[in-house]
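Below: the structure, in structure tokens.
Every read-out reported here was derived from the displayed coordinates using simple, explicitly stated rules and does not represent laboratory data. What you are looking at is a predicted structure, and each value in this text was computed from that prediction instead of being measured. Here the Cβ is made from the backbone with ideal geometry for all residues, glycine too, and neighbour counts use every protein chain on show.
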Amino acid sequence: MIHVDPLPLLSVQGVTKHYGAHIGCADVSFDLYPGEVMGIVGESGSGKSTLLNCMAGHLPPDAGGVVFDTRADGPRDTVTMSEPERRMLSRTDWAFVHQHARDGLRMGVSAGGNVGERLMAVGARHYGDIRDKATDWLDRVEIDASRVDDRPTTFSGGMKQRLQIARNLVTGPRLVFMDEPTGGLDVSVQARLLDLLRGLVRDMGLSAIIVTHDLAVVRLLADRLMVMKSGRVVESGLTDQVLDDPQHAYSQLLVSSVLQV
Amino acid sequence: MIELNNVAKTFTLHNQGSAVIEVLRGVFLSVAQGECVALTGASGAGKSTLMRMIYGNYLTQGGAIRIGGVDLVQAEPREIIRLRREVLGYVSQFLRVVPRVPTLDVVAEPLRAVGVPPDAALARARSLLQQLNIPERLWTLSPTTFSGGEQQRVNIARGFAHPYPAMLLDEPTASLDAANREVVLALIEEAKAQGTAIIGIFHDEAARARVCDREIDVSGFTPGMAA
């Protein structure tokens, strides 16, 4: 009845990054399997964003490997692969959702253009098809089709974030990195975004790594959770196990510090 | 189906003087297919703790908890996730959902997660909500604004949507009126007839007497509490 997937989609092996004498993240290892959502929590400066950027190829780690199960050649270490190869991977198989939507969007280009551009980057050329697909994705992230030609500068914060998600997912990636995807949004907009992300993860069979400091967000979105402090992973496990029965002193402090609503 | 072998649990409170609290010791328990076992014992004896250990959201310090070939004490998170999706259901006392999701989708979700097509999953959800007397006009609303009793019935509908081979029930009949209590007991009996192994906490003695085949007094495993 139970069978275990043979290969992880992403295998992080001893990733370490220093900023001078300061530790960014140290010796982080884990495997992520297809369809899994992993949350990374910890206070500011705990190294979670450094780790995310090392995994996504935005920062070169000082040591360690990030092995991704590529469609063409099976598991490859993305740290040692060539820059063009890594860039291709980040267009076809990976997506990166920034905390600030403006970092992940082109603010001078229309909403439809923002989504269409990603399709063109992987080879789409037929204008009608690109526009149809862009409109379809705007609809999936609940942006009205009448806004397709508007620039994101005219969008609200929540709409910008949903547009960023559409731009990222339109090419059908297999792994999504998210850096505080609901940070800075008001609570009702957060709920809508969470609902959207959960549906997309389930329906597209995505794997995702979500960095956040919001424990409620990880409880609803993540299957697994990693707690970081001072650049190191102090605890990891099933999300509800880490939140309901934290083992490490720091995780206990983190969980008990949340205000009850 | 569910097999506990010499299970032990302690809590270490690092931020409260590193107090170590031994909660359970030497738990042996076996539940066969189609059998329902009630956990009993005074408040604080560790009934809910044991239930959470069996579901895997509390870590277990010793022994083995085997369900459908998986030992939860040793299992990797992804094995537990798969077990929970396919084999082990849990009806907790509280409904925890993403705000804004309609009740119908909340109930259908466990079926969607095991790959049941949307139409079939929604049909099953409708039939359960109907059986549990949730008015149809509420189905498209999020259950977060429902009354306590309604939320609990939504939770039960969701818990029984997929026919799990093993289930954990935490006070499934609390805060229900007589008619709905009857519906829930019938759902439990139906699941048993289909071979589901059930462990439950029932403060409702009549309900316990009706659906449970055996009772296990958890205080027998509680250090310092056993007579």
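Kyte-Doolittle mean at least 0.0 and Cα extent at least 15 Å along the axis: which DSSP H helices of chain A qualify?
Values: long enough: A:111-121 (16 Å, 0.07); A:127-140 (20 Å, -1.44); A:157-169 (18 Å, -0.65); A:187-204 (25 Å, 0.56).
Going by DSSP H runs, the hits are A:111-121, A:187-204.
So which of A:Lys48/B:Lys9; A:Lys133/A:Lys160; A:Lys17/A:Lys229; A:Lys229/B:Lys9 end up more than 21 Å apart by C-alpha? Don't skip to the end; give the middle numbers.
Details: A:Lys48/B:Lys9 31 Å; A:Lys133/A:Lys160 18 Å; A:Lys17/A:Lys229 14 Å; A:Lys229/B:Lys9 26 Å.
Long pairs (Cα-Cα over 21 Å): A:Lys48/B:Lys9; A:Lys229/B:Lys9.
What number do you get for the protein assembly as shown when its Cα radius of gyration is normalised by 2.2 N^0.38 Å, N = residues? Could the numbers behind the result be given before it?
Details: Rg = 24.0 Å, N = 488, 2.2 N^0.38 = 23.1 Å.
Rounded to two decimals, the normalised Rg is 1.04.
At R0 = 41 Å, how high is the FRET efficiency between A:Ser188 and A:Asp73 if r is their beta carbon distance? Nearest 0.05 is fine. All intermediate terms of the calculation are to be shown ahead of the outcome.
Numbers: r = 44 Å, r/R0 = 1.08.
The calculated FRET efficiency here is 0.40.
Can you sort B:Ile67, B:Ile81 so the residue with the fewest Cβ neighbours within 10 Å comes first? The partial results should precede the final answer.
Details: B:Ile67 26, B:Ile81 20.
Taking fewest neighbouring Cβ atoms as first place, the list is B:Ile81, B:Ile67.
Mean separation of Cα pairs under 8 Å and 6+ residues apart, divided by the residue count of chain A: what relative contact order is that in percent? If you can, show how the numbers build up before the last one.
On the way: 471 pairs, mean separation 65.2, N = 261.
Once normalised by length, the contact order is 25 percent.
So what are the three principal axis dimensions of chain A from its Cα atoms, in whole Å, longest to shortest?
Its Cα atoms span 55, 50, 47 Å along the three principal axes.
What is the calculated FRET efficiency for A:His18 to A:Arg87, with r their C-beta to C-beta distance and R₀ = 30 Å, to the nearest 0.05? Intermediate results must be reported in sequence, preceding the final value.
On the way: r = 25 Å, r/R0 = 0.83.
In this case the efficiency is close to 0.75.
Could you give the C-alpha radius of gyration of segment B:1-109 expressed as a fraction of 2.2 N^0.38 Å, taking N as the number of residues it contains?
On the way: Rg = 15.8 Å, N = 109, 2.2 N^0.38 = 13.1 Å.
That ratio works out to 1.21.
Taking neighbour Cβ counts within 10 Å as the exposure measure, how do A:Ile40, B:Ile199, A:Ile23 sort from fewest upward? Can you show the working numbers first?
Values: A:Ile40 29, B:Ile199 26, A:Ile23 16.
Neighbour counts put them in this order, fewest first: A:Ile23, B:Ile199, A:Ile40.
Please report the Cα spread of segment A:101-172 along all three principal axes, rounded to whole Å, starting with the longest.
Cα extents, longest axis first: 30, 23, 21 Å.
Which parts of segment B:75-114 would a label at B:Glu136 reach, counting a residue when its backbone N lies under 12 Å from a point 7 Å out along Cα-to-Cβ?
No residue qualifies, since no backbone N sits under 12 Å from the label point.
Taking neighbour counts of Cβ atoms within 10 Å as a proxy for exposure, in what order, fewest first, do A:Phe68, B:Phe146 appear? Write out the running numbers ahead of the final one.
Values: A:Phe68 25, B:Phe146 17.
The fewest-first ordering by Cβ neighbours comes to B:Phe146, A:Phe68.
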